[in-house]
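The structure that follows is given in the form of structure tokens.
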Amino acid sequence: MKPITSGLAVGRTIKEYILITFGLFLYAFGWIAIIMPAGIVGGGVGGISLLVYHATGGAIPMAFSMLAINGVLIVLAIRMIGVSFSTKTLYAIFTMSLAMWVMQTWIPSSPEGVLGLGGDKLLSALLAGVVCGIGVSICFAQGGSAGGTDIIAMIINKYRAISYGKVIMSCDLVIIGLSYFIDAKIATIIYSLVVVGALGYTLDAVLEGSKQSSQIFIITKHYAEMARRLAEEAGRGVTLLDAQGWYSGQETKMVMVVTRKAESSNLLRIVREVDPEAFITVGSVMGVYGKGFVPLENVAKGGRKKR
């Protein structure tokens, strides 16, 4: 059984990295093919990199700026707060820079852009926000993070009780405001705010389903094997509750698991493999706090829920 389960775990990991890569290339496409031709900017490290690109007359590609800025932020975070970054996060940061370089190299530069939307700034801003939002949400859903202003928020939150959301919003407003010193147009700031708003809305909408949680109760004769498999393969905490059948009078254990809705299908697959005759109930729950979900300290501070 171990070789099979190990193979499944490797397969899932490969799938996660493929999806992270796809999401980041989609995110890069939104910047290079939509935002850049429209002459607007956005928030985060992408916005800073685009400002550097315009300020240097295109001498410094966005990919180099993004990699350099994220590298500096990672070093600061490690030195100041001792945070450790997951392999997926580091992979996402390097892949995002690679995606930017590939897109900026392959996509021809023109005022109209490859989609022909250069003249319509509002449509470009809305479409860019949606495309980038979908791309980054795919990355988040697989456990990846592109770093950027999230790292700044982590550093500030270590020393000041300021929520993640406020820090990131403040960073975005500053970055967008700086665009005025490049082209001196208020319209650019307005359209850039539309990008940030559309991206945030899309991100929340796409991730809403994955953030919802399910509480699953499982009644099975093989509760020990069930609990072991769920803990090892699903990576979720398992609780055994004392139970007794009313008709049979037999005492047994009931398995309880709380998991993300997006992970429910994998969990139910494990249940079927262990005991196809298991009795299962699945219910939706709200406000799941603690390890593996929303940290309690974030709730106490009113901070943004980490994805």
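We did not get these values from a lab; they are worked out from the coordinates using the rules stated. Keep in mind that this is a model prediction, so the values were computed, not measured. Glycine gets a Cβ as well: all are built from the backbone with ideal geometry, and neighbour counts include every protein chain shown.
Under the rule of at least 5 residues apart or a separate chain, name every residue whose amide H is placed under 5 Å from the amide H of GLY42.
GLY47
Using 0.36 nm per residue of separation minus the Cα-Cα distance, give me the extension gain between PHE181 and THR105 in nm, one decimal. List each step's numbers first, then the result.
Details: separation 76, 0.36 × 76 = 27.36 nm, distance 2.68 nm.
Difference between extended and current length: 24.7 nm.
Right, another one. SER179: net charge of surrounding residues, Cβ under 14 Å, Lys/Arg +1, Asp/Glu -1, itself excluded?
On the way: positive: LYS121, LYS185; negative: ASP172, ASP183.
Cβ neighbours under 14 Å give a net charge of 0.
Same structure again: Based on the Cβ-Cβ distance of LEU90 and ALA9, what FRET efficiency does E = 1/(1 + (r/R0)^6) give at R0 = 25 Å, to the nearest 0.05?
Working: r = 20 Å, r/R0 = 0.81.
Calculated value: 0.80.
Okay, next question. Stretched out fully, how many nm does the piece from ALA224 to LEU98 gain, at 0.36 nm a residue minus the Cα gap? Display every interim value, and only then the final one.
Values: separation 126, 0.36 × 126 = 45.36 nm, distance 4.60 nm.
That pair, ALA224 and LEU98, stretches by 40.8 nm at full extension.
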